[in-house]
Amino acid sequence: MGHVKLANYSLAYKRIKNAAFEGGGGGSSTVLFLVAADVDAICAFRIWTTLLKSDSISYVVVPVTGMEDVKTGVKNMSQSIRSVVMLNCGGIFNLEDYIDLSEEVTIYILDSHRPVNLRNAFWNNEIIVFHETDLDKELVAEKEAILFTEENEYISADDDDDDEDEDDERSGREDSEDSDDDDSNSRRQRRRTGLDTEVSVGNMKKKWKESKSILVDYMSRGLIYGASVANQCYAMALQLDRTTLDILWLAIVGMTSQYLCEQISHRDYSRAVRGLRDESERLTPKGPDATSSATRGNGVDAIVLGELVTPEDGTIRSSDEFRFMMVRHWSLYDSMYHSNYVASRLGIWRDPGRKRLMALLAKMGFSLEECQQGFAHMSIDLKKILKDRIQLVAPEYGLHEILYESFTRASGYQGPMSASDVAYAVSSLMELTPDAAVALGYRQEWIADQKRDSGSNTTDDSNSNDSGQSSSWWHANFYNACDSLDASGGIECGSHLRRGLEIGMKIQKAVVRQAIAVIEKQLITSLSRHRFAILENGPDLPVFWNPLALDKLAQFLVYAIREYGSAKANYRQMPLIVMVFKEDTRTYIATGVIGSPVLGEVKPNTFGNIFEKLAYNDKLAIRPLGFSRTVVEVDESDHLQVAKMAGKYMR
């Protein structure tokens, strides 16, 4: 099967369902989920499990943070597994390097990382790649190239002396096989390439080199992100006619997390929002006098009217959201001060920037005292005029894109919860490590309590997670994040979300503190093709040992450089590397961010290829972390070389 386009996702699901009921050894089988540590993947996982539960199909989940976890998870799976579903992991890697493929087990990849690994998509029948477009039409040349090179790889032997050892191994394997394998090999060659044996070897070598060049160019494009996997899973549920408001909300949160992390452009986000808005209108219950659930309110606390629309309905409606962080749960001042957009535009790391923020609030007619108290306790009259006032005043301060389209959902009588609120909360639950908790001021007793509370819930979503790994802090974080998205919306779900919001505020404060320190201490070094910042001291460093938090810091710095550097005559938009020293392992956690000269645009991130070349060509000790290859761990002895030499591989 190789790959499946969006219109046929339901067929792939039915194949998984059939495999589960056929079972292994005469009994029912289980689906294994390998889920990455990001909000989009967790939302997709919750959609899948909702569908599987409705079909009475059992499943096991293994949270994974890198390809070594993938290798271990598949290696330790039980004999009852017939389908492995990988969510936001493994899509850009050749799975043959990590997994022993078997005809008895089919691996399904749903990953928004691009570019797609061509061997997974076109060569291995045991792997099925989900993709929102038709790869046969989108990658015509690449498909032909991968098929040709895989069938005719031996052609390069005469040109590359470095491949002699591989040729010897290949010939040894061929000698051990039946003599008619050579004839079979020739037939395969003619079938794949359309060339017969009379074609000159020179032409074959030429085609092989051309194909190899196409593949190298394809894989060198840099990391980009496709459609949200949660959004793709919603499309699958729609094809199966099993959509609900709960599943729609998961799709919205997953897609929103992509946008907040600068993984998709504003244009792609707006296109997805339009489709989800139509779905929210279709699924929202309406009474005779109900207003449209998609009617936008004032961006904070508008009420949807109608006899059948109540807080218990879990109503989803479209809204214009501010580019502030968790404004409903913070004070207005803190929400604006700690948001990437406002902080970078106003330059809050300097006194004039902070004064500009206070002047902005004053010009809106809001007192500083009112703005510094919790948003829930602000005057209702001020909340009602907030959107109009800020739209009127913000452009004077360069805040032209202060609003963006999003969604809110009724959350009992505690007020609506925005999709961005949930995305921030879920992400924060996964970011908090014990070291980070101590750095953020949590007591050791609090940390121990969270471990116990988390451990009691680790089997709720896994059904039969017997690996014993759920006691780890990372696994506890994963299950807390899953529980916070519980469709039942019970007390436990609410407590996890509130905890996530609280942690998110603390982490964002650390991000802004660290970013201000970097700017004030002038820790950013500019070279000819890129910039880098190396962080070695400070109480907040443990927070950024987690790749998710480190990416937030890097994105904030990119915002700041873009907004204030662009005013200089000699300013150039350049990639940025941020490194943080990890004392216990004597290594550096590094991430590379390309950045874009314009808000809402996304450029391919080539740091994955750059780090790989530094490791291979320059023999530097670099180990990838996660599934994007843009976050790595670097040995202490090599970190300066990595920071300085990255530019030579930039185009």
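The values are calculated or read from the model by the stated rules, or taken from the named source; none is laboratory data. These figures come from a predicted structure and were not determined experimentally. Here the Cβ positions follow ideal geometry from the backbone for every residue, glycine too, while neighbour counts run over all protein chains shown.
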Next on the checklist: What's the total number of residues in the stretch 331-374 that are touching a residue at least 40 places away in the same chain (Cβ under 8 Å), within 18 Å of Y424 (Cβ to Cβ) and in a loop (DSSP other than H, G, I, E, B)?
Outcome noted: 1
Checklist outcome for this item: Within the stretch 98-153, the count of residues that are of a type in the set (F, W, Y) and farther than 23 Å from G626 by Cα comes to 3
Item to check | Whichever residue in the stretch 247-282 is of a type in the set (D, E) and in a helix (DSSP H, G or I) and, among such residues, is farthest from Y559 (Cα to Cα) | outcome: E281
Checklist entry - What are the pairs, 6+ residues apart or on separate chains, where a residue within the stretch 101-116 that is buried (at least 24 other Cβ atoms within 10 Å of the Cβ) has its Cβ under 8 Å from a residue that is of a type in the set (D, E, K, R)? => result S112/D40
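Evaluate the following for G595: is it under 16 Å from L548 (Cα atoms) and buried (at least 17 other Cβ atoms within 10 Å of the Cβ)?
Criteria not met by G595.
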Checklist entry - Can you tell me how many residues in the stretch 398-420 are within 17 Å of V511 (Cβ to Cβ) and either of a type outside the set (G, A, S) or modelled with pLDDT under 90 (or both)? => result 0
Item to check | Top-ranked residue of the stretch 307-336 - restricted to ones that are surrounded by fewer than 19 Cβ atoms within 10 Å (Cβ to Cβ) and farther than 16 Å from E401 by Cβ, ranked as modelled with the highest pLDDT | outcome: S331
Item to check | Residues being crowded, with 21+ Cβ neighbours inside 10 Å and closer than 15 Å to L535 by Cα - total across the stretch 633-651 | outcome: 4
Next on the checklist: So, in the stretch 211-240, exactly how many residues are of a type outside the set (V, I, T), part of a helix (DSSP H, G or I) and either within 30 Å of T591 (Cα to Cα) or free of Cβ contacts under 8 Å to residues at least 60 places away in the same chain (or both)?
Outcome noted: 11
Item to check | The one condition in (1) more than 23 Å from L599 (Cβ to Cβ); (2) out of contact with any Phe, Trp or Tyr (no Cβ under 7 Å at 6 or more places or on another chain) that Q391 fails to fulfil | outcome: (1)
Checklist outcome for this item: Of those in the stretch 236-250 that are more than 10 Å from L485 (Cα to Cα) and of a type in the set (D, E, K, R), the residue surrounded by the fewest Cβ atoms within 10 Å (Cβ to Cβ) is D241
Next on the checklist: Looking at V35 and the list (1) modelled with pLDDT under 95; (2) surrounded by 21 or more Cβ atoms within 10 Å (Cβ to Cβ); (3) among the hydrophobic types (A, V, I, L, M, F, W, C), which single condition is not satisfied?
Outcome noted: (1)
Checklist entry - Do we find a residue being more than 24 Å from the chain's Cα centre (by Cα), in a helix (DSSP H, G or I) and either modelled with pLDDT under 95 or not aliphatic (A, V, I, L, M) (or both) anywhere in the stretch 577-598? => result no
Checklist entry - Looking at K521, K582, which one is closer than 27 Å to S428 by Cβ, of a type in the set (K, R) and touching a strand residue (DSSP E or B) at 6+ places or on another chain (Cβ under 8 Å)? => result K582
Item to check | Considering residues of the stretch 337-359 that are buried (at least 21 other Cβ atoms within 10 Å of the Cβ) and not small (G, A, S) only, the residue nearest to the chain's Cα centre (by Cα) | outcome: N340
